[in-house]
1. Going highest first, how would you order 253-261, 214-222, 328-336, 315-323 by mean Cβ packing within 10 Å?
2. Taking R0 as 45 Å, what FRET efficiency do you get between Arg268 and Leu349 from their Cβ-Cβ distance, rounded to the nearest 0.05?
3. State in Å² the accessible area per residue of the chain; use a 1.4 Å probe, count heavy atoms of protein chains only, and round to the nearest integer.
4. Quick one: of the DSSP bridges fully inside the chain, what percent are antiparallel, nearest 5?
5. Report Rg (one decimal) and Dmax (nearest whole number) for region 1-159, counting Cα atoms only, units Å.
6. Which peptide among 403-414, 271-282, 59-70, 145-156 comes first, and what is the full order, when sorted by highest mean count of other Cβ atoms within 10 Å?
7. As an exercise, use a Förster radius of 51 Å and the Cβ-Cβ distance of Ile243 and Glu63 to find the FRET efficiency, rounded to the nearest 0.05.
8. Find the eigenvalues of the gyration tensor of the Cα atoms of region 312-415, then list the square roots of 5 times those eigenvalues as equivalent ellipsoid semi-axes, largest first, in whole angstrom.
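The values are calculated or read from the model by the stated rules, or taken from the named source; none is laboratory data. Predicted model, so just to flag it, every value in this text is computed and none were measured. Please note: Cβ atoms are built from the backbone with ideal geometry, for glycine as well, and neighbour counts cover all protein chains shown. All accessible areas refer to the heavy atoms of the entire protein, side chains included, with ligands and DNA or RNA removed. Shrake-Rupley method; radii C 1.70, N 1.55, O 1.52, S 1.80 Å.
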Amino acid sequence: MALGPFAWLVQRFNFVTDDAFITFRYSRNFAEGKGLVYNLGVDPPVEGYSEFLWALLMGLGFEFGWAPETFSRVLSIGFGVLCVGLVVSLAARRFATSPVAVFGTAALVGCAPPLGVWATGGMATMPAASLGVLLVWLLYGRASGAPSSGLLVGLVASLLALMRADAAIVVALILGPAIVVGAVSRRRELFLSALFGALVSATAFGLHVAWRYSYYDDWLPNTARAKLGFSAAATGRGADYVISTFLSMPGLFLAFAGGLVGLVLAARRIGAGAAASAGAVIVGVTAYAILAGGDFMAYSRFLVPAIPMAALAFGALLASIESRSRIAAAVLAIAGVTTTVLAVFDVDLVPKETQLEYHFRHNQRLGGVTPSTSENEQWQNMRDRSQEWSLAGRALGVHAPPNSSVVFGAVGAIGYYSNLFIYDRNGLVTREVAMLEPHEELRSPGHDKVVPPAFFAKYHPTYLNVGVCSQAQFPPVRGAVRLGNTERDGVVLWAVPGR
């Protein structure tokens, strides 16, 4: 019931985003024995990826000759199936006498567009979310009612903490409430399992931070320095990010907000620990998305770790209502699922004008660029740009002279396929930019420190800009020269010389 719509969403949104290619380049260099580096010869190297364990897994794929564009999606889809299966398993066990609640939970987690979108994309979003659900399942989902051993909990928590740079927050949000509830309720097994798991994962995380400092000469990943600029204005943009999600998919608002009420009402039925951990993830991940200033990518990537927990919380709300009226619970379940999945078909319950009042991708307004009018349009833009930059990167690898260097903003596919030295205008792989103060004028999330190509003129880059266009459109910008043809008929590679 849940895997059917989930599979449809996965094939509907199957893609690889440009940012994934940044990690792929690190992974390839690692597999070739050059280290976890992006630009060779930079000392100290720059940690321009956010997904340490994912980078290692992609490096393992290189060792076996598996192309990361495919391997990343296969692995991520597998994690997605695990996530959906574990959520349905938890619902079936906790709401065994409430069939509508089980149906509502399964339907919501299977039909939630963000889970379908980020089951591919090439990034560790879905693996991290799935490990979070697995951690909850180990604590609260076993048939015996007892939690798994602290060693197993610690192993999964460690994998989660290392999967993404910010995933340690999710570990704390799950294990922290479990420790407190175990201590207060004198559930010795839960307390010891969660506490030991926390100690193991904290040790793994601490060792990784120590390694990061020894290798990259920084306690924080460079991506955090480049993307995060905590301020009142950025927090306001983050609030718009969350509000925009709920306006485009109202069923998720019902699951997030109504689900918290359901966790309180059904705490005794589902267990105080499970309710506390699920509620903490819902609130904590939402708060993190706001404080981080949101994310420019389509379909609420930052909220993905909370959506499976929100589906379970929605089931708790349905179970509480079902104990009084099964019809009312069924109507609410259908309403929640329907108003979530309608976004896939660009059907809006909230007028576009209202949604655009909370538009948060501010760089789309700069230079008169029209904002994306839906998450579908933003996803399509991401997919198309990734394909275009992949085409440009492959052509650049063929036509650019050896030892060339390029200034560019989206450094994923361009850098991966060309393998040239890249000066990153957004600062993800260029520490000098990441250390700047954010612009006063808000940009799209993650782009608050972008610099013009002239910023790098002192390094005498070979090219200040590159791209592809049709022969009829050449030259697309002033000063562009034609470097050669691409693999696509009628499309040429151009560049703006810098030296």
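1. 315-323, 253-261, 328-336, 214-222
2. Working: r = 34 Å, r/R0 = 0.76.
The computed FRET efficiency comes out at 0.85.
3. Numbers: 19680 Å² over 499 residues.
Per residue, the chain has an accessible area of 39 Å².
4. Numbers: 11 of 17 bridges.
Bridges in the chain are about 65 percent antiparallel.
5. Values for region 1-159 (Cα only, Rg and Dmax): 18.0, 62 Å.
6. Numbers: 403-414: 22.4, 271-282: 24.2, 59-70: 14.6, 145-156: 18.9.
Result, highest mean first: 271-282, 403-414, 145-156, 59-70.
7. Working: r = 44 Å, r/R0 = 0.87.
Computed FRET efficiency for Ile243 and Glu63: 0.70.
8. Taking √(5λ) for each eigenvalue gives 45, 18, 11 Å, largest first.
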